[in-house]
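S.K.: Just passing along the structure, written as structure tokens.
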Amino acid sequence: MIIFYVILLVVILSGLRYKSYNEEYLSVQQSNATKGIFIWLVFIGHIIPYITAIEPFEIVADRAATDVVATLRQLVVVPFMFYSGYGVMCSVKNRGAGYVEDIPKRRVLNTMLNFGVAVSLFVALNLILDVSMDVKQVLLSFVCWESVGNSNWYIFVICICYLISYLSYKLFGYSKRSLVANIALMSIFAWAISYFKGSWWYDTCLAYSAGSIYCFYKEEIERRIDSNYVLYAILGCVAFVASYVAMLYAPFAQSLIFMNICSICFSLFMIILAMRLQLRSRVLEWSGRNLFPLYIYQRIPMIMFSAICGGCLVDEFRYLYVVVCAVVSIMVVYLYKYIAIKL
């Protein structure tokens, strides 16, 4: 498995360029490239349980690969949250009330409809493979509350984030008060959902708010950082490492606080690095641009090829299994345009 990290690292390094100041550090192109890195880390994280469940799994390099995923934890989704918050706020800033009025339809409803299509395919796959499901589970899976084998929590949370942006603007317009409302509503959501779901449902949501705040204060932040880049880079690194260590050793009850702080620090450190390191990669940009189908549908080949023929592919050819799942996930992206719903 470690070879996939090596391939990803080679792709990243081949696309990195140092610049005295990267004016495109928050461009759509660079944002997609960054998200492309992390969607493949998510892929690795999702597929590892399928291959580690098969014994023996004692190769040191493979164990190291699982340790990377375990160490990163929820940080792999932080860029998705941050860039979403930043993108929505910038659209609100540039397009105003007209864009905001479209959020429930174009952001939330459109996402849920396409997610519903994916859930239908997972239900069909489960029926073919004779996987047990009850009616309640299936119905709740369409609103992301339960899962039928698909990834659901992120879609639920990001739709809540969109609605919070909508409510914040409706209450206070484009202002500092809307940012306060955003943070307050996001904190209330995180606290409330923590009583019903696992920590991964709420421990990175404030990275979305961080993206909104960054958009609002972007020019001021750039002036401050650019005037003393090295100092802020060091402070950003220290803040991230300190919050990360605190998060690792925090009791579960405190993970809501520490992981969200760590997510915010990681977002800011990632941005500081991007100001000097330009990332150009067609592979990564394509991956980030097709984030939804790659994220939502990647489990279909994982489930399918771990079950067909008695699971012989994953049992006897686990590395081939990973390659096949990656290739099929890419193929699904090209097929997705034929089933995607656009409002």
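The values are calculated or read from the model by the stated rules, or taken from the named source; none is laboratory data. This is a predicted model, so every value here is computed, not measured. Using ideal geometry, Cβ is built from the backbone for each residue, glycine included, and neighbour counts are taken over all protein chains shown.
S.K.: Six or more apart or on different chains, Cβ atoms under 7 Å: show the pairs whose first residue is in the stretch 81-104 and surrounded by fewer than 20 Cβ atoms within 10 Å (Cβ to Cβ) and whose second is basic (Lys, Arg) and assigned to a helix (DSSP H, G or I).
M.R.: From residues that are surrounded by fewer than 20 Cβ atoms within 10 Å (Cβ to Cβ), there are no pairs.
S.K.: Also: Give the residue that is nearest to Ser287 (Cα to Cα), with candidates limited to residues of the stretch 325-343 that are touching a Leu at 6+ places or on another chain (Cβ under 7 Å) and aliphatic (A, V, I, L, M). Outline the logic, then answer.
M.R.: First pass over the stretch 325-343, keeping only residues touching a Leu at 6+ places or on another chain (Cβ under 7 Å): 329, 333, 341, 343.
If we keep only those that are aliphatic (A, V, I, L, M) too, we end up with 333, 341, 343.
Values: Val333: 9, Ile341: 19, Leu343: 23 Å.
Among residues in the stretch 325-343 that are touching a Leu at 6+ places or on another chain (Cβ under 7 Å) and aliphatic (A, V, I, L, M), the one nearest to Ser287 (Cα to Cα) is Val333.
S.K.: Output the residue which, of all residues in the stretch 25-52 that are surrounded by fewer than 19 Cβ atoms within 10 Å (Cβ to Cβ) and touching a residue at least 60 places away in the same chain (Cβ under 8 Å), is nearest to Asn150 (Cα to Cα).
M.R.: Ranking the qualifying residues of the stretch 25-52, first place goes to His46.
S.K.: Out of Arg95, Arg73, which single residue is out of contact with any Pro (no Cβ under 8 Å at 6 or more places or on another chain), of a type in the set (D, E, K, R) and at pLDDT 80 or above? Break it down stepwise before answering.
M.R.: Details: Arg73 fails: at pLDDT 80 or above.
Step by step, each of Arg95, Arg73 is checked, and only Arg95 is out of contact with any Pro (no Cβ under 8 Å at 6 or more places or on another chain), of a type in the set (D, E, K, R) and at pLDDT 80 or above.
S.K.: Which number in (1) surrounded by fewer than 17 Cβ atoms within 10 Å (Cβ to Cβ); (2) touching a residue at least 24 places away in the same chain (Cβ under 8 Å) marks the one condition that Ala192 misses?
M.R.: Just one mismatch for Ala192, condition (2).
S.K.: State which residue is nearest to Tyr297 (Cα to Cα) when the search covers only the stretch 68-118 and only residues that are among the β-branched types (Val, Ile, Thr) and within 15 Å of the chain's Cα centre (by Cα). Please lay out each step first, then the result.
M.R.: The first filter runs over the stretch 68-118 and keeps only residues among the β-branched types (Val, Ile, Thr), leaving 68-69, 71, 76-78, 88, 92, 100, 103, 108, 111, 117.
So of that shortlist, the ones also within 15 Å of the chain's Cα centre (by Cα) come out as 69, 76-78, 111.
Working: Val69: 20, Val76: 17, Val77: 16, Val78: 20, Thr111: 14 Å.
So the residue we want is Thr111.
S.K.: Quick check: anything in the stretch 282-305 assigned to a helix (DSSP H, G or I), more than 28 Å from Val10 (Cα to Cα) and in contact (Cβ under 8 Å) with a residue 40 or more places away in the chain? So that I can check it myself, show each step before the final result.
M.R.: Step one: filter the stretch 282-305 for residues assigned to a helix (DSSP H, G or I), giving 282-289, 291-297, 299-305.
Of the ones still in play, those that are also more than 28 Å from Val10 (Cα to Cα) are 303-304.
Those still in the list that are in contact (Cβ under 8 Å) with a residue 40 or more places away in the chain too: 303-304.
Yes, there is a match, as at least one residue in the stretch 282-305 is assigned to a helix (DSSP H, G or I), more than 28 Å from Val10 (Cα to Cα) and in contact (Cβ under 8 Å) with a residue 40 or more places away in the chain.
S.K.: Hey, among Ile158, Ile188, Ile128, which residue is of a type outside the set (Gly, Ala, Ser) and closer than 19 Å to Phe258 by Cα?
M.R.: Values: Ile158 fails: closer than 19 Å to Phe258 by Cα; Ile128 fails: closer than 19 Å to Phe258 by Cα.
Going through Ile158, Ile188, Ile128 in turn, the sole match is Ile188.
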